[in-house]
Amino acid sequence: MADNGGARKPLMSGNWKMNHNHLQAIQVVQKLATRLNDKTYDVVDVSVHPPFTGLRSLQTLIEADKLPIALGAQNCHWEESGAYTGEVSPQMLAKLNVVYVVVGHSERRQHLGETDEMVNKKVKAVLAAGMTPIMCVGESMEERQEGDAQDKVQGQVRAGLEGVSDEQVGGMVIAYEPIWAIGTGETATADDAQEMCEAIRVLVADTSSDDAAEALRIQYGGSVKPDNTAELMDQPDIDGALVGGGSLDPDDFAKIVQFQASSD
Ligand code: PEP
């Protein structure tokens with residue numbers, strides 16, 4: 001689709017997965033904050049997604065120091081409360097001023113049996129609690145080799161957005177994360193990533209509306225590093241990155257977040 005002339009502000013999100021206890025989380029965000037500045041926040045949005053145990057500590061730090069870094073979670077349940085041992089509800093996250101919630105990460109789909117139906121329930125629950133879902137989609141290497149990558153991803157997008165209003169879709173984030181690129185050091189080429197992100201936007205224009213498709217932010221995720229970020233972010237349909245391993249170290253993540261400095 002046509003370049004939006006920068007109307008969609010890139011969102012650079014650090015998904016720490018099961019790394020960093022709450023004390024380490026504080027240190028990482030303190031260091032990250034010293035490496036970013038107002039110029040950075042003018043041109044990109046930044047979020048950090050610690051394990052649940054780090055959320056309260058980071059909320060306190062972010063609010064006390066007035067850091068323009070958004071707090072994110074990695075998952076939640078779709079119910080508000082109840083007999084769901086080990087789960088955390090969207091309302092509990094909203095109470096901690098969580099802004100973004102990752103939903104349907106491939107590691108959860110793969111290892112924890114998360115289905116498209118569950119992802120759709122979570123998307124709706126996160127929206128109902130006033131937060132923004134980052135809905136992850138992506139194909140396996142086998143699906144790519146078989147030529148099924150677009151069908152797989154478009155199926156996940158359709159299912160995940162089922163029953164979500166056009167306006168809500170426009171405010172969401174979708175993360176395109178080819179499974180074979182996650183944590184492997186292999187990155188999709190900028191052209192391949194762009195092709196899939198464009199296909200997602202075209203599908204959303206079809207299933208929701210042109211306005212929703214134009215406003216929707218689409219991140220790329222999969223072995224994003226300081227040296228490959230600028231080229232990926234230069235693509236017209238890529239509006240940010242969901243970064244796993246590359247976000248654990250504040251120096252690396254700061255370089256990724258400030259990708260525009262390296263491409264100036
Ligand atoms: C992720 O966790 O969403 C991810 C893309 O991981 P990595 O950057 O380590 O590939």
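Say we look at the range 94-117 and pick out the residues that are outside any strand (DSSP E or B) and touching a Gly at 6+ places or on another chain (Cβ under 8 Å); which of these is nearest to the ligand (Cβ to nearest atom)?
Per the criteria, the residue is SER106.
Consider ILE256 carefully, then state whether it is away from the ligand (no atom under 12 Å from the Cβ), closer than 13 Å to SER13 by Cβ, crowded, with 22+ Cβ neighbours inside 10 Å and within 17 Å of the chain's Cα centre (by Cα).
So ILE256 does not fit the description; no.
Somewhere in the range 185-194, is a residue under 19 Å from ALA159 (Cα atoms), buried (at least 18 other Cβ atoms within 10 Å of the Cβ) and either away from the ligand (no atom under 16 Å from the Cβ) or modelled with pLDDT of 95 or more (or both)?
No: zero hits.
Of all residues in the range 147-168, count the ones that are polar (S, T, N, Q) and outside any helix (DSSP H, G or I).
Count: 1.
Check whether at least one residue in the range 169-178 is touching a helix residue (DSSP H, G or I) at 6+ places or on another chain (Cβ under 9 Å), assigned to a helix (DSSP H, G or I) and hydrophobic (A, V, I, L, M, F, W, C), and report yes or no.
Yes, that holds for at least one residue.
Looking at LYS152 and the list (1) over 17 Å from HIS105 (Cα atoms); (2) surrounded by fewer than 21 Cβ atoms within 10 Å (Cβ to Cβ), which single condition is not satisfied?
Every listed condition holds for LYS152 apart from (1).
Looking only at the range 43-52, decide whether some residue is within 22 Å of LEU112 (Cα to Cα) and out of contact with any Phe, Trp or Tyr (no Cβ under 8 Å at 6 or more places or on another chain).
yes
Taking VAL224 as the residue in question, decide whether it is closer than 20 Å to VAL46 by Cα and within 11 Å of the ligand (Cβ to nearest atom).
yes
Between a residue in the range 232-258 that is touching a residue at least 12 places away in the same chain (Cβ under 8 Å) and any residue that is part of a loop (DSSP other than H, G, I, E, B) and β-branched (Val, Ile, Thr), which pairs come within a Cβ distance under 7 Å, given they are 6 or more apart or on different chains?
LEU232/VAL224; LEU232/ILE238; ALA241/VAL224; VAL243/VAL224; GLY244/ILE182; GLY246/VAL224; ILE256/VAL224; VAL257/VAL44
The values are calculated or read from the model by the stated rules, or taken from the named source; none is laboratory data. Note that the coordinates shown come from a computational prediction; the quantities given were computed from them, not determined experimentally. Neighbour counts run over all protein chains shown; Cβ positions are idealised from the backbone, glycine included.
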